[in-house]
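Enquirer: Here it is, the structure, as structure tokens.
No lab work stands behind these numbers, since they all come straight from the coordinates. Here the structure is a predicted model, which is why all the values come from computation and not from measurement. Quick reminder, even Gly has a Cβ in these numbers, built from the backbone with ideal geometry, and neighbours come from all protein chains shown.
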Amino acid sequence: MQIPPAPKFELKQVSAAATPENVDALDALIILLPESALQKHWPLFPYSERFKKHYTAGMDTPEPRRVDLPNARATTAVIAFVKSGASVFDLLTLARKTLAKALENDPREIGLLIPGIADAQQQPVAEAVVACMTAAAFKPPLFKSIAHDKQTPISLSLLGIANKIDFSYTLAAAEGNALARWLTLLPANLLTPGEYRACISGLARREGWKFRFLDERRLAKLGAGAFLAVARGSDSRDAGIAHLSYSPAKPAGPAKTVALVGKGICYDTGGVNLKSAKSMYGMHGDMQGSAVALGTLLALTRLKAPFRVECWLAVARNQIGPRAYTQNEVITACNGVRIEIVHTDAEGRMVLADALSLASRDKPALLLDYATLTGTCVTALGTRYSGAFCNRQELITPVLEAGRRSGERVWPLPVDADYDESIESSIADVKQCAIENDADHILAARFLSRFVPASVPWIHMDLAASEHKGGLAHIPTEVTGFGVRFSLELLLKQGLPRL
Ligand SMILES: [Zn+2]
């Protein structure tokens, strides 16, 4: 399977003030004004008087509005207003809605004008529009027999922004996100564990990562019984844990290690405790956690991250069959912890148990795992935020801050030890989950904590925001690939590997 190239368009930065000729050469124009323009000072820009007619002084901030210009190209102009104090999430959302209108006529050349936006807000506003453009340029895998011939934009011109802006961070995050969304959208019969392994190996060759695949035989030698219990139900022996390593080119001193772990269940039937048709539909996306880990590794590689990254992807299918694991089995994980099986649909925490154990062995400076793990996390937060569980108090502020600054919002949830009472087992060391579903997201985090030594700083992400109808922040599709931007902010700007 060929991994598609990163979504591309030409990004032009023109520092001189925009002229009517600049605007007339565009198919579409996005104009973002400060909301203060509605109260007092309407800024001057090409066709500004024409736009002003649509607004009355003092009106509430209106939704993005489309106005076609009376020039030869009938340029589609869309005008919207930026609230003072808008968060990054607000900016990304506004830019996505504005861009969606600007794209209505399949424009090839698009421009951005931000007259009157204060200097300090120019970069975040322009960054939001560029993030939305790259997210919209993403082409999902499509298998229709008649191809649709939608044009994609070829250029975005930023007009009249005096200071040149470095977009490398935004573009790297977008490339990682596109990879995560593309893998997640692939049909279950195409992204089998075997195909996924081939994809990962191809990427490793392209990016210069070290790659090894711990197949079932190797995992049996390591005693990874938790992973193998899930893999057992499949009739093909293609499951395993992919291990990728990135090293910085010239580390300044001994480089710290960040470990990324992802849940890669290529299809989740629920196993013997079979899901209903409604709950099973879409379960080819149950590998999104691993795709986000992979996308994050790709983005960190693009940005030449100054630390080592070890990435562990637990790739398997949760199937029914004569060999499938059942309730009331007792399984031993590779760190020796014995698990009483309670529900075969709680397979994510089983494959993560061994992956987390293996990732912890090198004592990383930070361990970060991603999983579409529990329905109760969605019940707790909805699909606008993802949940985070931290095994140290001092991780909570950087996690919250990274969510706020990246626009991929994350909320910390409790992991107090007394929750363990719900997963006490009379026959083994721990129950896999409780038979009642209450607070399953917290119990899952408590269960996983058995496989991460207390000495390793650890953040567990339950990706409640992995799918959101109508898109979320800058992402226009229901599958969001949530987590790559968050992770870049956390690892590169909040500086967490220092811990
Ligand atoms: Zn499941």
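Enquirer: Dipole of the range 231-300 (Lys/Arg Cβ +1, Asp/Glu Cβ -1, origin at the Cα centre): which of Ser245, Gly282, Thr257 lies farthest to the positive side?
Expert: The residue sitting farthest along the positive end of the dipole is Thr257.
Enquirer: Run the dipole for the range 10-160 about the Cα centre, Lys and Arg Cβ at +1, Asp and Glu Cβ at -1, nothing else charged, and hand back the magnitude in debye, nearest 20.
Expert: On the way: 16 positive and 16 negative charges, 57 e Å.
It works out to roughly 280 debye.
Enquirer: Right, next: Pick out, from Phe89, Pro141, Trp42, the residue whose Cα sits farthest towards the positive end of the charge dipole of the range 10-160, with +1 on the Cβ of Lys and Arg and -1 on the Cβ of Asp and Glu.
Expert: The Cα lying farthest towards the positive end belongs to Pro141.
Enquirer: While we're on this one: Can you give the longest stretch of the chain with no exposed loop site, where a site means GluC sites (Glu not before Pro) in a DSSP loop (not H, G, I, E or B) with at most 12 other C-beta atoms within 10 Å? Each step should come with its number before you reach the end.
Expert: Values: sites that count: Glu104, Glu424, Glu436.
It runs 105-423.
Enquirer: Given +1 on the Cβ of Lys and Arg, -1 on the Cβ of Asp and Glu, and no further charges, what dipole in debye does the range 171-498 carry about its Cα centre, rounded to the nearest 20? Numbers along the way, then the final one.
Expert: Numbers: 37 positive and 33 negative charges, 297 e Å.
It works out to roughly 1420 debye.
Enquirer: Here's another thing I want to ask about it. Want the number for Lys256 to Tyr281: 0.36 nm per residue separation, take away the alpha-carbon distance, what's left? Don't skip to the end; give the middle numbers.
Expert: Details: separation 25, 0.36 × 25 = 9.00 nm, distance 4.09 nm.
Full extension of this stretch gives 4.9 nm more.
Enquirer: How large is the dipole of the range 387-499 about the Cα centre if only Lys and Arg carry +1 and Asp and Glu carry -1, each at its Cβ, rounded to the nearest 20 debye? Mind dumping the intermediate values first?
Expert: On the way: 11 positive and 16 negative charges, 149 e Å.
Rounded to the nearest 20 debye, it is 720 debye.
Enquirer: State the Cα centre-to-centre distance between the range 422-483 and the range 346-417 in whole Å.
Expert: One Cα centre to the other: 7 Å.
Enquirer: Please state the shape class of the range 348-499: rounded when a/c is under 1.5, otherwise prolate if a/b exceeds b/c and oblate if not, all from the C-alpha gyration tensor. Show your work: numbers first, answer last.
Expert: Values: a/c = 2.00, a/b = 1.27, b/c = 1.58.
The shape class here is oblate.
Enquirer: Considering only DSSP beta bridges where both residues belong to the chain, give the percentage that are antiparallel (nearest 5).
Expert: 35 percent
Enquirer: If you plug each phi of the range 269-275 into the Karplus form 6.51 cos²θ - 1.76 cosθ + 1.60 with θ = phi - 60°, what whole-Hz ³J(HN,Hα) values come out, in order, with x for Gly and Pro?
Expert: Result, ordered by residue: 7, x, x, 4, 7, 4, 6 Hz.
Enquirer: How far is helix 88-102 tilted, in degrees, relative to the longest principal axis of the Cα atoms in the chain, given as a value from 0 to 90 rounded to the nearest 10?
Expert: That works out to roughly 60 degrees.
Enquirer: Right, another one. What ranking of His284, His474, His460, His148 emerges when the number of other C-beta atoms within 10 Å of each C-beta is taken as an exposure proxy, fewest first? Walk me through the numbers before you get to the answer.
Expert: Working: His284 21, His474 31, His460 27, His148 6.
With the sparsest Cβ surroundings first, the list reads His148, His284, His460, His474.
Enquirer: Only bridges whose two residues both fall in the range 10-160 count here: according to DSSP, what percent of them are antiparallel, nearest 5?
Expert: Values: 4 of 25 bridges.
Of the beta bridges lying entirely in the range 10-160, close to 15 percent run antiparallel.
Enquirer: Could I ask something else about it? Given the options Leu496, Ile427, Gly375, identify the residue whose Cα lies farthest towards the positive end of the charge dipole of the range 171-498 (+1 on Cβ of Lys, Arg; -1 on Cβ of Asp, Glu).
Expert: Leu496
Enquirer: Compute the long axis of helix 168-185 from its Cα atoms, compare it with the longest principal axis of the Cα atoms of the chain, and write down the angle in degrees, 0 to 90, nearest 10.
Expert: Roughly 50 degrees between the two axes.
Enquirer: Could you check the simple spin-label distance between Ser247 and Glu10, using points 7 Å along Cα→Cβ, in nm with one decimal?
Expert: Taking the two extended label points, one gets 4.1 nm.
Enquirer: Right, next: Taking R0 as 25 Å, what FRET efficiency do you get between Glu424 and Ala454 from their Cβ-Cβ distance, rounded to the nearest 0.05?
Expert: 0.80
Enquirer: Non-local amide H neighbours of Ala77 (under 5 Å, H modeled in plane, Pro and chain starts lacking H): which ones?
Expert: So Ala77 has HN proximity to Leu29, Val67, Asp68, Leu69.
Enquirer: Sort out for me the Cα centre separation of the range 295-322 from the range 12-58, rounded to whole Å.
Expert: 44 Å
Enquirer: Take the alpha carbon gyration tensor of the range 171-498, find the square roots of its eigenvalues, order them as a ≥ b ≥ c, and report rounded if a/c is under 1.5; if not, report prolate when a/b exceeds b/c, else oblate. Before the final figure, lay out each step's value.
Expert: Working: a/c = 1.30, a/b = 1.26, b/c = 1.04.
Since a/c stays below 1.5, the shape of the range 171-498 is classed as rounded.
Enquirer: Additional query: If R0 is 51 Å, what FRET efficiency do you get for Lys52 and Ile3 from their C-beta distance, rounded to 0.05? Intermediate values should be presented prior to the final figure.
Expert: Numbers: r = 47 Å, r/R0 = 0.93.
Step by step, r from the Cβ atoms, then E = 0.60.
Enquirer: List the aspartates and glutamates whose alpha-carbon lies under 17 Å from that of Lys53, not counting same-chain residues fewer than 8 positions away?
Expert: Reachable aspartates and glutamates: Glu35, Glu63, Asp68.
Enquirer: A further question on this structure: Taking Lys40 as the anchor, which aspartates and glutamates have their alpha carbon closer than 16 Å to its alpha carbon, excluding any fewer than eight residues away along the same chain?
Expert: List returned: Glu49, Asp60.
Enquirer: Now a separate question. Note the angle between two axes, namely the Cα long axis of helix 119-137 and the longest principal axis of the Cα atoms of the chain, as a number of degrees from 0 to 90, rounded to the nearest 10.
Expert: Relative to the chain, helix 119-137 is tipped by roughly 60 degrees.
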